[in-house]
Amino acid sequence: MPKVKPPQMEEKNRMVRSIIAKHKELEGLKDKDIAKRLPGTTQTFQNKFKRPETFTLWELRLVCDILKIPVEERGLML
C-alpha cells in the first residue's frame, strides 16, 4: 500500500514542533524553563507542543521570543 501524504495541518504542526525542539536544544532550555515564562504549567506547555494548533498567537510569540527564533523561521510557524 502506498504511503499517504499527511494532511497540510499535520505538516504545519510538524514544522512548528521541529523549530521549537531545535531552538530548545540550541538555547539549552527544558520544558519547565519555557513554561515558567508562559501562562500555565509545564504540562500545559507539553500538551501544546504536542498539538501546536492549540497555542494562541500570543503564546507562540512568547515562545519565539524565549527561544530567540529568527524572523525567517517564525514565518514558517504560521
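Subtracting the Cα-Cα distance of residue 46 and residue 26 from 0.36 nm times their residue separation leaves 5.4 nm of extension gain. Cross-link partners for residue 22 among the aspartates and glutamates, with Cα-Cα distance under 12 Å and sequence neighbours closer than 8 places in the same chain left out: 73.
Spacing of the modelled spin labels on residue 33 and residue 58, each 7 Å from Cα toward Cβ, amounts to 2.6 nm. Global dimensions of the chain from alpha-carbon coordinates: Rg and Dmax equal 13.1, 46 Å.
Report summary: the helix-based calculation at 222 nm, which adds -39500 (n - 2.57) for every DSSP H run with n ≥ 4 and divides by the residues of the chain, gives -19000 deg cm²/dmol.
The local environment of residue 13, defined by Cβ-Cβ distances under 12 Å, has a net charge of +3 under the rule Lys, Arg +1 and Asp, Glu -1. Here the dipole of the chain is about 200 debye; that uses its Cα centre as origin and unit charges on the Cβ of Lys and Arg (positive) and Asp and Glu (negative).
Over the chain, average the accessible area per residue using a 1.4 Å probe and give it in Å², no decimals.
That works out to 71 Å² for each residue.
Of 5/30; 5/36; 12/48; 5/32, which pairs sit farther than 25 Å apart, going by alpha carbon to alpha carbon? From the list (5/30; 5/36; 12/48; 5/32), the Cα-Cα distance tops 25 Å for 5/30; 5/36; 5/32.
The values are calculated or read from the model by the stated rules, or taken from the named source; none is laboratory data. Please read these numbers as outputs of a predicted model, since none were measured by experiment. Cβ coordinates were reconstructed from backbone atoms using ideal geometry, including for glycine residues, and neighbour counts include every protein chain displayed. Please note that ligands, DNA and RNA were not included when accessible areas were found on the heavy atoms of the full protein model with its side chains. Shrake-Rupley method; radii C 1.70, N 1.55, O 1.52, S 1.80 Å.
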